[in-house]
Amino acid sequence: MKIGIFGLGYTGIRIAGILKPQTGIELETFSSNTQIEGTLIFDFSNVFALKKFSEKFPKNSFDLSLVTFPIQKLSDPFAFLDVLFSVSKNSILFGTTSIYQRFPDIVESTPILKDHDRFAVEEDWLGRGGKILRLCGIYGPLRNPADWIRKGLVKKNSRQLNLIHGDDAAFAVSLLIQKIQTTGWDVIPNVLNLSDNQWHTWKEIFSFLEEHNKISETPIEESIKEDCFIDSEKIRILLPNLQTKDFWIELEALEGIVD
């Protein structure tokens, strides 16, 4: 199976790392700046680079393409989509669960925000037959939730924090590809949510860090925003071998806490 990864950010580089050694997979990686061995540099906002790419890769060059970067940020997102869906038999876009309207429990059928900057691209993507994997907030090394607190980016309140570890996201994609290889593209739902499916609130995280003297004690500031829980049951039924890391164990490791 020939796979193209477009974008080598925090998640893309981890997916490349888990797929590269697998037998039966021929991997190509593309980025505008980040480079690993064998990466081809293309700025897909540049019309000449896009033309050069389409000339280099004829129709259906890839069995599967994974797009990990926000397409809507390109100068002409739909020109990129025209090229991508020409060179790829099938494509998966990495989206965000922030596109959903706020409800207590969010599943794949939850209405989405039409004024979200990803809306138009996602609608076009699905209309072309692509699939979307919507990710929660990604954490892990160099993306430590405790650092978000220290930078003052979040408040101590009872809101649920929906997360997925970067390594778990890569593992889920690997399992998804195995599923496609064994049972076919059509068994994959058009949209899937990916979270660690664990309950953890900012208040609990603040308190945990305070108890271990990692941050100073902070007063509670409750939020008026609608709280929500991202349900990832659908992908877990599809991929029964998918297991995700325990958030509290990972937070201890990120903070160097040894009990």
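Laboratory data are not the source of any read-out in this text; all were calculated from the coordinates shown. Every value quoted in this text rests on a predicted model; they were computed, and no experiment measured them. Glycine gets a Cβ as well: all are built from the backbone with ideal geometry, and neighbour counts include every protein chain shown.
Given the C-alpha atoms of the stretch 3-154, compute the convex hull and give its volume per residue in Å³. Could you put the intermediate results ahead of the total?
Values: hull volume 22.2 nm³, N = 152.
It comes to 146 Å³ per residue, whole-number rounded.
Would you mind checking Lys52/Lys131; Lys179/Lys234; Lys20/Lys56; Lys155/Lys245 for any pair whose Cα atoms are more than 19 angstrom apart? Spell out each step's value before the answer.
Values: Lys52/Lys131 26 Å; Lys179/Lys234 14 Å; Lys20/Lys56 22 Å; Lys155/Lys245 24 Å.
From the list (Lys52/Lys131; Lys179/Lys234; Lys20/Lys56; Lys155/Lys245), the Cα-Cα distance tops 19 Å for Lys52/Lys131; Lys20/Lys56; Lys155/Lys245.
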Label-point separation (nm) for Glu226 and Asp246, each offset 7 Å from Cα along Cα-to-Cβ?
3.4
So what are the ³J(HN,Hα) numbers for the stretch 34-42, from phi and the Karplus equation (6.51, -1.76, 1.60; θ = phi - 60°), rounded to whole Hz, Gly and Pro as x?
5, 9, 10, 4, x, 5, 9, 8, 9
Rounded to the nearest 20 Debye, what is the dipole magnitude of the stretch 1-94 about its Cα centre when Lys and Arg each give +1 and Asp and Glu each give -1 at the C-beta?
60
Are there trypsin sites (Lys or Arg not before Pro) in the stretch 94-200 that DSSP marks as loop and that have at most 15 other Cβ atoms within 10 Å, and which are they?
Arg102, Lys114, Arg128, Lys151
Taking the chain as a Gaussian network, where each spring joins two C-alpha atoms under 10 Å apart, which residue of Asp43, Asp115, Asp124 fluctuates the most?
Asp115
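I need the shape label for the stretch 43-84. Rule: rounded when a/c is under 1.5, else prolate if a/b > b/c, else oblate, with a, b, c from the alpha carbon gyration tensor.
Numbers: a/c = 2.20, a/b = 1.22, b/c = 1.81.
It comes out oblate by the Cα gyration axes.
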Quick query: amide H of Leu239 versus all other amide H atoms, modeled in the peptide plane; which residues come in under 5 Å with a sequence gap of 5 or more or a different chain?
none
Contact order relative to length of the chain, as percent, for alpha carbon pairs under 8 angstrom and 6 or more apart
18
GluC sites (Glu not before Pro), loop per DSSP, at most 16 other Cβ atoms within 10 Å - longest free stretch of the chain
38-216
Which one of Tyr100, Ile3, Ile138 is farthest out on the positive end of the charge dipole of the chain, using unit charges on Cβ (Lys, Arg +1; Asp, Glu -1) and the Cα centre as origin?
Ile3
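Under the rule a/c < 1.5 gives rounded, and otherwise a/b versus b/c splits prolate from oblate, where does the stretch 91-187 land using the Cα gyration tensor? If you can, show how the numbers build up before the last one.
Details: a/c = 2.32, a/b = 1.41, b/c = 1.65.
Oblate, since a/c reaches 1.5 and b/c is not below a/b.
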Show the residues, 5+ positions off or on another chain, whose built amide H is closer than 5 Å to the amide H of Tyr139.
Ile164, His165, Gly166
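Pick out, in residue order, every one of the chymotrypsin sites (Phe, Trp or Tyr not before Pro) in the stretch 179-231 that is DSSP loop and has at most 11 other C-beta atoms within 10 Å; say none if there are none.
Details: sites: Trp185, Trp199, Trp202, Phe206, Phe208, Phe229; in loops: Trp199.
The qualifying sites are Trp199.
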Counting other Cβ atoms within 10 Å of each Cβ, which trypsin sites (Lys or Arg not before Pro) in the stretch 1-101 have at most 16 and sit in a DSSP loop?
Lys59, Lys89
Over what distance in Å are the Cα centres of the stretch 83-156 and the stretch 182-208 separated?
11
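Hey, got the dipole for the chain? About the Cα centre, +1 on K and R Cβ, -1 on D and E Cβ, debye to the nearest 20?
Details: 28 positive and 35 negative charges, 164 e Å.
So the dipole magnitude of the chain works out to roughly 780 debye.
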Which of Gln181, His165, Ile149, positive extreme of dipole for the stretch 148-190 (C-beta unit charges):
Ile149
How far is helix 77-87 tilted, in degrees, relative to the longest principal axis of the Cα atoms in the chain, given as a value from 0 to 90 rounded to the nearest 10?
60
List the residues whose amide H sits under 5 Å from the amide H of Gly95, counting only those 5 or more places along or on another chain, with H placed 1.01 Å from N in the peptide plane.
Leu133, Arg134, Leu135
Computed [θ] at 222 nm, deg cm²/dmol, the chain (DSSP H ≥ 4; -39,500 (n - 2.57); rounded to nearest 500):
-10000 deg cm²/dmol
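What number, in percent, do you get for the relative contact order of the stretch 1-54 if the mean sequence gap of Cα pairs under 8 Å and at least 6 apart is divided by its residue count? Don't skip to the answer; put the middle values down first.
Numbers: 69 pairs, mean separation 16.0, N = 54.
Result for the stretch 1-54 is 30 percent.
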In degrees, nearest ten, helix 10-19 long axis to first principal axis of the chain (Cα):
60
